[in-house]
Amino acid sequence: MKRIAVFTSGGDAPGMNACVRAVVRAAVYYGIEVYGIRRGYNGMIKGDIVKLESHSVSNIVQKGGTLLKSARSDEFRTAEGRKKAFDQLQNLGIEGLIAIGGNGTFTGAEIFFNEYGIPTVGAPGTIDNDLYGTDNTIGFDTAVNTALDAIDKIRDTADSHDRIFFIEVMGRDSGYIAIQSGLGGGAELVMVPETDTAIEEVIETLKSGWTRSKSSSIIVVAEGDEEGGANEVSIKVKEHIPYGDIKVTLLGHVQRGGSPTAQDRILASRLGVAAVEGLMAGRKNVMAGVINNEVVFTPFHDTITKRKPIHPDLIRLVNILSV
Ligand code: F6P
């Protein structure tokens, strides 16, 4: 393989830059030319593609965001859009692709591979950690730590004012950020899409805390919980809780930014190199991940269709520890 291209796509995640750097440096190391596609699939369609050298990725390992920029592309969902993208890659003689992103990115990559057969290897870049085929995704650890830092700060003021806080964290279909930041932050309850938490249970938890003289409580709500986000849940609960002031904080996109943690930089570096080596070894239509500290390759189809369950222990622990 002589020439490859790398792109970041979907919601950005801290560590994407470290992964791009690893891809570029590994390609240079192995004597492969490497191009960067800007703004994900949109840039592929428009031909917004630049040659990258080793120095192009200097001083980015520690930076949040993605120097290649990112986008969610509607045009790539169409056959015409994908044809334009293929023509752009053909013109440049690109023989392999490395896609850094989440399930939307790999859904597109699988369709594109089936239509045009350009070997593609993915690296999981999303704060949600909702991809099957890797224990952690790039950006997840940083997002958890960002959420945890915010929860700690909210707990200070919740305690001072004897308040109940509903804190919403990201995770459209996944409760990973919620469960880990909630467990780490000592939340009284965590609401995640993977398990049903009835409103009655929320009310019961708050009431029983109150009778045990808990003056403040933190409930972490994943944005994708089926009872709704933190605003909706707080409204449903409010009329049943006659004591305590109820407040809501939505952490939002703050969770997507910031300098990646050591764990995310290391994971990103491993997977960037693994993706290049995977392409060189003839792998295609797969995502590189790390399971039990070993690099593994999983078909795109499995990464997007199979669900990675939250370990039931984590949910059990939140209940035990909030007694
Ligand atoms: O997929 C990552 C994620 O941050 C989700 O947790 C969130 O629901 C979504 O992206 C938000 O996307 P956007 O920034 O496009 O609104």
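The values are calculated or read from the model by the stated rules, or taken from the named source; none is laboratory data. Because the structure is predicted, anything quoted here is derived from the model rather than measured. Backbone-built Cβ (ideal geometry, glycine too); neighbour counts: all protein chains shown. Just the protein is used for accessible areas: all its heavy atoms, side chains included, with ligands, DNA and RNA removed. Shrake-Rupley method; radii C 1.70, N 1.55, O 1.52, S 1.80 Å.
By how many nm would the segment from Met1 to Gln62 lengthen if fully extended, with 0.36 nm per residue of separation less the alpha-carbon distance?
Numbers: separation 61, 0.36 × 61 = 21.96 nm, distance 2.95 nm.
Result for the pair: 19.0 nm of gain on full extension.
Which aspartates and glutamates, on any chain, are close to Lys83 with Cα under 19 Å apart, when same-chain ones fewer than 8 places away are left out?
The qualifying aspartates and glutamates are Asp48, Asp74, Glu75, Glu95, Glu110, Glu115.
Take Thr134, Thr305 and sort them by solvent-accessible surface of the protein heavy atoms, 1.4 Å probe, largest at the top.
On the way: Thr134 5, Thr305 85 Å².
Most to least solvent-accessible, the answer reads Thr305, Thr134.
Hey, what do the phi angles of region 65-74 turn into as Karplus ³J(HN,Hα) couplings, whole Hz, using 6.51/-1.76/1.60 and θ = phi - 60°, x for Gly and Pro?
For region 65-74, the Karplus curve yields x, 9, 5, 7, 6, 9, 7, 10, 9, 6 Hz.
Report, in deg cm²/dmol and to the nearest 500, the calculated mean residue ellipticity at 222 nm for the chain, where each DSSP H run with n ≥ 4 adds -39500 (n - 2.57) and the sum is divided by the residue count. Spell out each step's value before the answer.
Values: 11 runs with 137 residues, N = 323.
Result for the chain, helices only: -13500 deg cm²/dmol.
Out of residues 5 or more away from Met287 or on other chains, whose amide H comes under 5 Å of its own, with H placed 1.01 Å from N in the peptide plane?
Here Gly122, Thr298, Phe300 satisfy the definition.
For the chain, what is the relative contact order in percent, using Cα pairs closer than 8 Å and at least 6 residues apart in sequence?
Details: 749 pairs, mean separation 77.3, N = 323.
Across the chain, relative contact order equals 24 percent.
Using a 1.4 angstrom probe on heavy atoms only, work out the carbon and sulfur share of the accessible area of the chain in %. Show your work: numbers first, answer last.
Numbers: 6780 of 13720 Å².
After summing per-atom areas, the C and S share lands at 49 percent.
For Lys207, Lys214, Lys46, give the ranking by accessible area with the largest first, probe 1.4 Å. Can you show the working numbers first?
Numbers: Lys207 85, Lys214 45, Lys46 155 Å².
The ordering from most to least exposed comes out as Lys46, Lys207, Lys214.
Once R0 is set to 41 Å, what does the formula 1/(1 + (r/R0)^6) return for the Cβ-Cβ distance between Glu226 and Tyr116, expressed as a FRET efficiency to the nearest 0.05?
Values: r = 38 Å, r/R0 = 0.93.
E between Glu226 and Tyr116, to the nearest 0.05, is 0.60.
Anyone know which of Arg39, Arg77, Arg265 comes out most mobile in the 10 Å Cα GNM of the chain?
Arg77
For region 143-256, report the % of Cα-Cα distances exceeding 16 Å. Kindly include the intermediate steps, with their values, before the conclusion.
Working: 3381 of 6441 pairs.
The share of Cα pairs beyond 16 Å in region 143-256 comes to 52 percent.
Based on the Cβ-Cβ distance of Tyr30 and Thr305, what FRET efficiency does E = 1/(1 + (r/R0)^6) give at R0 = 35 Å, to the nearest 0.05? Don't skip to the end; give the middle numbers.
Values: r = 32 Å, r/R0 = 0.92.
E between Tyr30 and Thr305, to the nearest 0.05, is 0.65.
How much net charge surrounds Gly47 when only the other residues with a Cβ under 11 Å from the Cβ of Gly47 are counted, with Lys and Arg +1 and Asp and Glu -1?
Details: positive: Arg38, Lys46, Lys84; negative: Asp48, Asp87.
Net charge in that neighbourhood comes out at +1.
Running a GNM on the chain with Cα contacts under 10 Å, which residue among Gly182, Gly209, Gly96 ends up with the highest mean-square fluctuation?
In this elastic network of the chain, the residue with the biggest mean-square fluctuation among Gly182, Gly209, Gly96 is Gly209.
Full extension from Val323 to Thr157: what is 0.36 nm times the residue separation minus their Cα-Cα distance, to one decimal in nm?
Numbers: separation 166, 0.36 × 166 = 59.76 nm, distance 2.12 nm.
Gain on stretching Val323 to Thr157: 57.6 nm.
Hey, what did region 145-290 get for relative contact order, percent, Cα under 8 Å, at least 6 apart? Kindly include the intermediate steps, with their values, before the conclusion.
Values: 217 pairs, mean separation 42.8, N = 146.
Relative contact order comes out at 29 percent.
Can you give me the distance in nm between label points at Asp173 and His240, each placed 7 Å from the Cα along the Cα-to-Cβ direction?
Simple spin-label model gives 2.9 nm for this pair.
At 1.4 Å probe size, with no ligands or nucleic acids counted, give the accessible surface of Thr126 in Å², nearest ten.
20
Over the chain, what is the percentage of antiparallel beta bridges among all DSSP beta bridges, to the nearest 5? Each step should come with its number before you reach the end.
Working: 10 of 43 bridges.
So the antiparallel bridges amount to about 25 percent of the total.
How large is the accessible surface per residue of the chain, computed with a 1.4 Å probe and reported in Å² as a whole number?
42
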